[in-house]
Every structure is written in C-alpha cells, then in structure tokens.
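Here is the structure we will look at, set down as structure tokens.
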Amino acid sequence: MRLTMPVGLARDVAGVLRGSGLSRLIPEFVPLPDPARTTFAAELDHLRRTRGNPPDERHLCSVLARYWEWALAPHWNRIRSSLEEEILLRGRTLAVEGPEAMLGELGGRVLWTRPRLTVPYHRDLDLTITRSRLLLVPTVFSGGLRLLVENHDGVAMSYQARATGRLRILTAGNDGGPSEDRLALLLGKGRSQVVRALELPMTTTAVAESLGLAKSTVSQHLAVLSDSGVAWKRRIGASVFYQLDDSGLALLRQLG
C-alpha cells in the first residue's frame, strides 16, 4: 500500500504517526459508537462539533478523511457486508445460547469466566459495568490492538471480527503453500479451496469473492459438502451461512 500511496498523503500520514496527533485517538479522541452515525464523514463531523475543531485536530481530521477516501472507501461495501455478517452471527448466538456463550467465543485472547470478562489491553483497567451496558464493536483490521472507551452511557470494546472471506484480498500475503496438496488430490482444487474457506461461517458470496471463483461454482461445491455432512448450512435473516462440521474439520486436520 505504501508503494502506491500518493506522495503528499504518505508524507502527511507519516507526520501524524511521528507526531503527537495520533495519541489523541486513544482514548479520549474516540467517541462511543452511535448507530445514528452511519458514515465516516458523520463520525468526523461529530468529533469536530464535540471537540471544538482546534487547528491541530483539524489537520488530523483532514488526513484521516483523505486516507479514508484513498485506502478504505473503495472497499467499504465489502467491509460493511463482512461486519453485518459478523453482527448477525453474534446476534444469533446471543439469542439462542445466551450472553455467556456469545462472550465466550469472542476469541483474540478474550476470556469470559463468569462474572469477569478479561481482555488484553495496553494498561491495567478494572471496569465495573454491572449497572451499565457493554457495547461490542467488531473491527476488521485491529489484530492485537483493542480500544476500550468509557463514558456515562457505558463501555465500548473493540474486538477482531471473524474473517468472512470478503476482506482476504486486502490482507493476503504470497503464501507458497505445500508442494503436494493432499486435500486437492482427493476433492479437486476448487472444492478443497472451499473446504479450507469454511473453517469460519461464510456465505456463498463471501466464499466466491475470497477465492475468485464464480458464485455458481461455489454454490455447487457447497451443496455437495452440505449434502455429504462435511459442512452445515444455516439461514440467519436473509443470509445462508456454511461452516465445516466435525467431519469436515477432521478431514481438514488429516489432509491439510
């Protein structure tokens, strides 16, 4: 990404990273998320209104807006779809299995042991939210970084969303892969790719986009895997998700 970034934008981003501007993002610069603010521009407008728009932060907001337009806006539809799928899956777990099950499967070294939720953070915090609310905010690029924001309305915590496949094209490296693909020898190249993609719940569209295959081809593979008991199929709202069943996971462990 740095190799193709416009020179002026790269210089300004580097200046923000080297200076003190970025430190304002953590923690007091970041507001508690609000579903009413549905665009990046709305978030920046909210920051300007609540913080008075001083000159140094005006420059920071300008750099963020330019970086958004160049790096993220072209991919926003896929990012939003990925996060919407994540929310659907977490919501189903919450509704069917309860809050303990939902908190227990957050991953990313997030541990739930009733009544304490332990998360990795850059400093020690002990927050009590018994009479408040906990807002979970899925992100797609956070990795090990976690944000905790607290105000009178409650506590918001970011966490790494489960990959649904739509965004792998943005972060994928050049993996060499094994010289002999035993799973591909057994199932064929296309179907083995689909099997590997189903370690986490994914829709047909997400699998097709992540693998660069036609949606009709992926649909055929998913039908075979579902009918054979290798993967389960579940409808959540308007979307149908697929994921490896125990037999599919065992096959993947044996053959890679």
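Structure notes:
- Taking each residue of the range 125-154 that is closer than 20 Å to Pro115 by Cβ and looking for partners that are of a type in the set (Lys, Arg) and at pLDDT 70 or above with beta-carbon atoms closer than 8 Å, six or more apart or interchain, yields Leu136/Arg90; Gly154/Arg133.
- Restricting Gly165, Gly143 to residues that are open to solvent by 20 Å² or more (accessible area, probe 1.4 Å), at pLDDT below 85 and not in a helix (DSSP H, G or I) narrows the list to Gly143.
- Residue match in the range 107-123 (condition: surrounded by fewer than 17 Cβ atoms within 10 Å (Cβ to Cβ), at pLDDT 85 or above and touching a Gly at 6+ places or on another chain (Cβ under 9 Å)): no
- Verdict on Tyr67 being among the aromatic types (Phe, Trp, Tyr) and modelled with pLDDT under 75: no
- Within the range 41-100, the residues that satisfy the criterion of being among the polar types (S, T, N, Q), loosely packed, with under 14 Cβ neighbours inside 10 Å and outside any loop (DSSP other than H, G, I, E, B) are Thr50, Ser62, Asn77.
- Residues within the range 245-256 that are open to solvent by less than 70 Å² (accessible area, probe 1.4 Å) and touching a Lys or Arg at 6+ places or on another chain (Cβ under 9 Å), tallied: 3
- Options Arg182, Arg191, Arg196: the member that is more than 24 Å from Leu88 (Cβ to Cβ), touching a residue at least 40 places away in the same chain (Cβ under 8 Å) and open to solvent by 50 Å² or more (accessible area, probe 1.4 Å): Arg182
- Filtered residue count, the range 199-211, keeping only those that are open to solvent by 50 Å² or more (accessible area, probe 1.4 Å) and under 21 Å from Gly237 (Cβ atoms): 2
- Extreme residue, most open to solvent (accessible area, probe 1.4 Å), among residues of the range 229-239 that are among the hydrophobic types (A, V, I, L, M, F, W, C) and modelled with pLDDT of 90 or more: Trp232
- Residue ID - most open to solvent (accessible area, probe 1.4 Å), chosen from residues in the range 212-228 that are in contact with a Ser or Thr (Cβ under 9 Å, 6 or more places away or on another chain) and closer than 17 Å to Leu183 by Cβ: Ser228
The values are calculated or read from the model by the stated rules, or taken from the named source; none is laboratory data. Treat the numbers as computed from the prediction; the structure is a model and nothing was measured. Here Cβ is always computed from backbone atoms with ideal geometry, including for glycine, and neighbour counts include all displayed protein chains. Just the protein is used for accessible areas: all its heavy atoms, side chains included, with ligands, DNA and RNA removed. Shrake-Rupley method; radii C 1.70, N 1.55, O 1.52, S 1.80 Å.
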